[in-house]
Amino acid sequence: MNFYPFDDIETILPRPMLFITGADAHSKEFSEDAYKRAAEPKDLYIVPNTGHVDLYDRVNLIPWEKLTSFFNQHLSR
């Protein structure tokens, strides 16, 4: 069975979606594909000079300001 999780991305809409990927990440194409398929509101943030695992625990590379602004915009009431 072939399953691609982004084939049905519209089923979780309308929900704000933030995609974060490293500029040099091998998985960047998956974030870009998901972003293209998703409806608004959405945002794709590419962190320069980082790979896939750099954003796991290298806290100095995690885009905290982007996370904070996105969550404040879309989760506040």
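Annotation for segment 30-43: no member residue is at pLDDT 90 or above, over 20 Å from I12 (Cα atoms) and either under 13 Å from the mean Cα position of the chain (by Cα) or among the charged types (D, E, K, R) (or both).
Sort out which residues of segment 1-18 are surrounded by fewer than 16 Cβ atoms within 10 Å (Cβ to Cβ), among the hydrophobic types (A, V, I, L, M, F, W, C) and not in a helix (DSSP H, G or I), and write them in order of number. The answer is M1, F3, L13. Every residue in segment 29-60 that is of a type in the set (S, T, N, Q) and within 18 Å of D7 (Cα to Cα), please. Within segment 29-60, S31 is the sole residue that qualifies. Entry remark, segment 1-50: residues being more than 18 Å from L75 (Cβ to Cβ) and basic (K, R) number 3 in total. Selection of segment 19-77 for residues being outside any helix (DSSP H, G or I), among the aliphatic types (A, V, I, L, M) and loosely packed, with under 14 Cβ neighbours inside 10 Å yields A23, A39, V53, V59.
The values are calculated or read from the model by the stated rules, or taken from the named source; none is laboratory data. Nothing here was measured: the structure is a model prediction, and the numbers come from that model. Glycine also receives a Cβ, built like all others from the backbone with ideal geometry; neighbour counts cover every protein chain displayed.
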